[in-house]
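For reference, the structure discussed in these notes is given below.
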Amino acid sequence: MIVVTMTRLLEWRFPYVLSAALTVAVACAPSDVRNEEQSASYDDLIALFDEWRVFQRPQLIDGAPDYSAGAMAAQFDELPSFQRRLQAIAPSEWPVSQQVDYHIVRAEMNGLEFDHRVLHPWSRNPAFYRTVFPSQSDVPAREGPVAYGAIEIWDYEFPLRPDAATRLTTQLRTIQPLLDQAKENLVDDARDLWLASIRTMNRQSADLIALAARVVGSNDELESAIQLAREATDDFRRWLEREAPSKTGPSGVGVENWNWYMQNVHLVPYTWDEVVTLMRRELVRAHAFLALEEHRNRARPPQVPIATAGEYDRRLNAAVTEYMAFLEEEEVVPIRDYMDGALRARIGSFSPAEGIRPFFSEVTYHDPVVMRTHGYHWFDLARMAREPHASPIRSVPLLYNIFDSRAEGLATGMEEMMMHAGLFDNRPRARELIYILLAQRAARALGGLMMHANQFTLEQGAEFASQWTPREWLPADGSTIRGEQHFYLQQPGYGTSYLVGKIQIERLLAERVRQLGDDFTLKGFMDELNGAGVIPMSLVHWELTGEADEILQVKTPR
């Protein structure tokens, strides 16, 4: 057991920058391209973006992506030419919205650079080669580093039509050559990533078993492809089990690399030290306010969790109805016809359990309205499908999860924002759940930060998060926290994005109130926030306020 105390909380600040204009600090091209002919055309940026997206994808061999050492070296050698072409575009005279698009493209190119310089997912992270996903991600693109060509089972309609069965069969046949290639590619030493990936491959094997059960007797070629994919997955898992004991190296990227990645890829204007301070503040605030809420509610009866399937269906549907009515009646957000259905489609079904359920299920079973607020994710995805952004760059999911501060930050922020807006006034014990959620997010974020600083192992990161999550709802040996900390170790900054993004949104809200005065409305704020797209919050802040101090923290590439 790790005992971690927090006897000193550092004073934190927003990193306001009192420096020259953005065009001098950020948009100006580096010296090695200043003397070249520069372009001022937004159309040039769009054309380069289209080329970049093709280049970023790996080449295919027999349908499987090629992540061999030679292929990756060739891609890395060519990357600087794309970065130079981008740097030769001078966006300083463009409207802010177009300058924002420029920085999105720059951030994506920096993401690939970081993959090659530091992260090396294809050579140090076996979980990178998991490609079967039965459930839809709740953010615009699959979370974390994932090999190209992920098989999204949820996107198929069962029973499968003949053309869909053929397409799925073709996809599944890429698993064996990809995993065979992985055995050659995985040469780096990252102990925790290797050990945790064994569990990941067990998950893929189980998912393939479940898929086989869904299609049994329907298509011989498909069933054969599933069987071969499972055999390849199990063989790869056994290979990991044999190799893992020899791995002793660290899995975190280190503080310096973490800082570069946050500032140049995710465009987060905080350093590792500043984020540690922010997360510590959120953690103690959550525990302190939870204690006050519990004191306030001490004479009230405890919440009784949902106990039956009938109760689950009734209360979850009622929760969607209540939440949607609140959003409309209290003029929180402009209502679209697809929003109710987007939430209702995610209700799920009752699952009996003895003892503690997985963390987020435990929250839902105590009060199903609470997690409907986090369901803003599904509004985002429905909006992207039904009302795509006018910018070709923002109309597609951004690479390298650089949307996380907005996507996860707003979904998390809505929990506490809706509490303060009055959603739980008639059910005060639901307020306790909001602070339990906040504590869990802060605790796992701190664990992830320490893992990337190589001060914690994955085991220690899970233990820390468990220890600081109230009511023992996050067991250290449970699948929830181990899966989360494994993911955050693979994807630097994602574990902190929930609360860092929330903090950035709160700052933006405060700034818009200051700017607009009596003209400010929450509904108007949410409308313009939605209108900016699912992009880094520093860019949203710039576009909505005209103030560039957050994006000024972003450094130019090396």
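Of everything listed in (1) modelled with pLDDT of 95 or more; (2) charged (D, E, K, R); (3) outside any helix (DSSP H, G or I), the single unmet condition for residue 555 is (1).
Does residue 52 fit the bill of being closer than 30 Å to residue 543 by Cα and either outside any helix (DSSP H, G or I) or without any contact (Cβ under 8 Å) to a residue 12 or more places away in the chain (or both)? It is false that residue 52 is closer than 30 Å to residue 543 by Cα and either outside any helix (DSSP H, G or I) or without any contact (Cβ under 8 Å) to a residue 12 or more places away in the chain (or both). For the range 335-388, the set of residues classified as assigned to a helix (DSSP H, G or I), acidic (Asp, Glu) and surrounded by 21 or more Cβ atoms within 10 Å (Cβ to Cβ) consists of 380 only. Residues in the range 121-168 that are surrounded by 15 or more Cβ atoms within 10 Å (Cβ to Cβ), among the charged types (D, E, K, R) and part of a loop (DSSP other than H, G, I, E, B): 130, 138, 142, 143. What pairs can you find where one residue is in the range 206-235 and in contact (Cβ under 8 Å) with a residue 12 or more places away in the chain, the other is in a helix (DSSP H, G or I) and of a type in the set (Lys, Arg), and their Cβ atoms are less than 6 Å apart, with a gap of 6+ or different chains? Every condition considered, the pairs that remain are 208/230.
For residue 410, indicate whether it is assigned to a helix (DSSP H, G or I), in contact with a helix residue (DSSP H, G or I) (Cβ under 8 Å, 6 or more places away or on another chain), at pLDDT 95 or above and in the same structural domain as residue 264 (by TED's automatic domain parsing).
On the way: assigned to a helix (DSSP H, G or I): yes; in contact with a helix residue (DSSP H, G or I) (Cβ under 8 Å, 6 or more places away or on another chain): yes; at pLDDT 95 or above: yes; in the same structural domain as residue 264 (by TED's automatic domain parsing): yes.
It is true that residue 410 is assigned to a helix (DSSP H, G or I), in contact with a helix residue (DSSP H, G or I) (Cβ under 8 Å, 6 or more places away or on another chain), at pLDDT 95 or above and in the same structural domain as residue 264 (by TED's automatic domain parsing).
Inside the range 182-210, can you point out the residues that are more than 17 Å from residue 242 (Cα to Cα) and either of a type in the set (D, E, K, R) or surrounded by fewer than 23 Cβ atoms within 10 Å (Cβ to Cβ) (or both)? Listed by number, the residues that qualify are 203, 205, 206, 207, 209, 210. Answer yes or no as to whether residue 269 is within 28 Å of the chain's Cα centre (by Cα) and in the same structural domain as residue 524 (by TED's automatic domain parsing). Yes, satisfied.
Cβ-Cβ distances below 7 Å connect the following pairs, each with a first residue in the range 177-193 that is within 30 Å of residue 453 (Cβ to Cβ) and outside the structural domain of residue 452 (by TED's automatic domain parsing), a second residue that is of a type in the set (Val, Ile, Thr) and modelled with pLDDT of 95 or more, and a separation of six or more residues or different chains: 189/248; 191/248; 192/457. A single member of 230, 238 is in contact with a Leu (Cβ under 8 Å, 6 or more places away or on another chain) and either modelled with pLDDT under 95 or not hydrophobic (A, V, I, L, M, F, W, C) (or both), and it is 230. Among the residues of the range 235-256, those that are surrounded by 16 or more Cβ atoms within 10 Å (Cβ to Cβ) and of a type outside the set (Gly, Ala, Ser) comprise 236, 237, 239, 240, 247, 250, 253, 255. When the range 272-297 is filtered for residues that are over 25 Å from the mean Cα position of the chain (by Cα) and among the aliphatic types (A, V, I, L, M), the ones remaining, listed by number, are 288, 290, 291, 292. Counting only helices (runs of 4 or more DSSP H) that sit wholly inside the range 455-538, those with at least 2 residues that are under 13 Å from the mean Cα position of the chain (by Cα) and either in contact (Cβ under 8 Å) with a residue 12 or more places away in the chain or outside the structural domain of residue 417 (by TED's automatic domain parsing) (or both) are 479-490, 494-516. Of all the listed residues (199, 173, 214, 191), the sole one being touching a Phe, Trp or Tyr at 6+ places or on another chain (Cβ under 9 Å) and of a type in the set (Lys, Arg) is 214. Only residues that are surrounded by 24 or more Cβ atoms within 10 Å (Cβ to Cβ) and of a type in the set (Gly, Ala, Ser): list them for the range 417-462, please. Result: 439, 442, 443, 445, 447, 448, 461, 462.
How many residues are under 18 Å from residue 365 (Cβ atoms) and part of a loop (DSSP other than H, G, I, E, B) when one looks only at the range 429-454? Can you show your working first?
Pass one, the range 429-454, residues under 18 Å from residue 365 (Cβ atoms): 429-437, 440.
Restricting the remaining residues to those that are part of a loop (DSSP other than H, G, I, E, B) gives none.
The number of residues fulfilling the criteria is 0.
Filtering the range 230-246 down to residues that are more than 28 Å from the chain's Cα centre (by Cα) and among the hydrophobic types (A, V, I, L, M, F, W, C), which residue is farthest from residue 131 (Cα to Cα)? Across the range 230-246, the extreme among qualifying residues is 239.
Based on what the data block shows, is residue 25 at pLDDT below 50 and in a helix (DSSP H, G or I)? First the steps, then the outcome.
Numbers: at pLDDT below 50: yes; in a helix (DSSP H, G or I): yes.
Yes.
The set of residues in the range 169-180 that are assigned to a helix (DSSP H, G or I) and buried (at least 21 other Cβ atoms within 10 Å of the Cβ) comprises 172, 175, 178, 179. Among the residues making up the range 298-334, a single one is under 31 Å from the mean Cα position of the chain (by Cα), over 30 Å from residue 520 (Cβ atoms) and either loosely packed, with under 11 Cβ neighbours inside 10 Å or among the β-branched types (Val, Ile, Thr) (or both): 306. Within the set 280, 315, the sole residue that is more than 28 Å from residue 495 (Cβ to Cβ), assigned by TED's automatic domain parsing to the domain that holds residue 504 and either polar (S, T, N, Q) or in contact (Cβ under 8 Å) with a residue 24 or more places away in the chain (or both) turns out to be 315.
The values are calculated or read from the model by the stated rules, or taken from the named source; none is laboratory data. Bear in mind the structure is a predicted one, so any value in this text is a computation, not a measurement. Methodologically, a virtual Cβ is constructed for each residue, glycine included, from the backbone with ideal geometry; neighbour enumeration extends over all protein chains shown.
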